[in-house]
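Novice: Here it is, the structure, as structure tokens.
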Amino acid sequence: MKLQWEDKYSVGVKLIDDQHKMMFDTINKLVDVLAEVPQKEEVNEIVKDLVEYKKFHFVTEEKYFDEFNYENSEEHKQKHKEFNIRLEGLIAEWGNDSVTLAFKLVDFLEDWLLDHLITEDQKYVECFAKHGLK
Ligand SMILES: [Fe+2]
Ligand SMILES: [Fe+2]
């Protein structure tokens, strides 16, 4: 299933919405590749991009948490950390079978991202807005 952006995912900050949309696009690219005859190299390449990009995205959010003294900062950073551990665990499993695991990975990523957007990320909307970020 491809991810589709909806307004309810917006955190009201263009820079961060764009990063989330970029993550949607990358996951969707993986879905597209898996719908054809997936090549291992292609799958690995997209997953690598995704890992890099989410790192960059978490750094962006966490930088604002620190800057604004966000009250849920520690809890939210912990969620990012748990995600990293689960993602690394999945990738570590892959060995020669990255294609099979890529299906599992897509399910995990989609579930996690959509849930994280409407729960954790929504919680900082007020704080970021209060500090004039848009
Ligand atoms: Fe986020
Ligand atoms: Fe987050």
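Novice: Being touching a Cys at 6+ places or on another chain (Cβ under 9 Å), more than 30 Å from T100 (Cβ to Cβ) and loosely packed, with under 15 Cβ neighbours inside 10 Å narrows it down to one of E67, E71, so name that one.
Specialist: E71
Novice: Right, next: Looking at region 6-36 only, could you name the residues that are aliphatic (A, V, I, L, M) and more than 16 Å from F58 (Cα to Cα)?
Specialist: The answer is I27, L30, V31, V33, L34, A35.
Novice: Also: Can you confirm whether region 39-54 contains a residue that is within 12 Å of ligand 2 (Cβ to nearest atom), buried (at least 16 other Cβ atoms within 10 Å of the Cβ) and closer than 25 Å to F128 by Cβ?
Specialist: yes
Novice: Say whether the condition of being small (G, A, S) and either on the phi > 0 side of the Ramachandran plot or surrounded by 12 or more Cβ atoms within 10 Å (Cβ to Cβ) (or both) is met by at least one residue in region 74-92.
Specialist: No, that holds for no residue.
Novice: Also: Would you pick out the residues in region 97-127 that are away from ligand 2 (no atom under 16 Å from the Cβ) and either acidic (D, E) or in contact (Cβ under 8 Å) with a residue 24 or more places away in the chain (or both)?
Specialist: D97, S98, V99, A102, F103, L105, V106, D107
Novice: Further question on the same structure: Which helices (runs of 4 or more DSSP H) does region 8-102 wholly contain that include 3 or more residues that are away from ligand 1 (no atom under 11 Å from the Cβ), within 16 Å of the chain's Cα centre (by Cα) and among the β-branched types (V, I, T)?
Specialist: The qualifying helices (runs of 4 or more DSSP H) are 14-35, 40-68.
Where a number appears in this text, it was derived from the coordinates with a stated rule and is not lab data. Note that this is a predicted model, so its numbers are computed, not measured. Ideal geometry is used to build each Cβ from the backbone, glycine not excepted, and the neighbour counts take in all protein chains shown.
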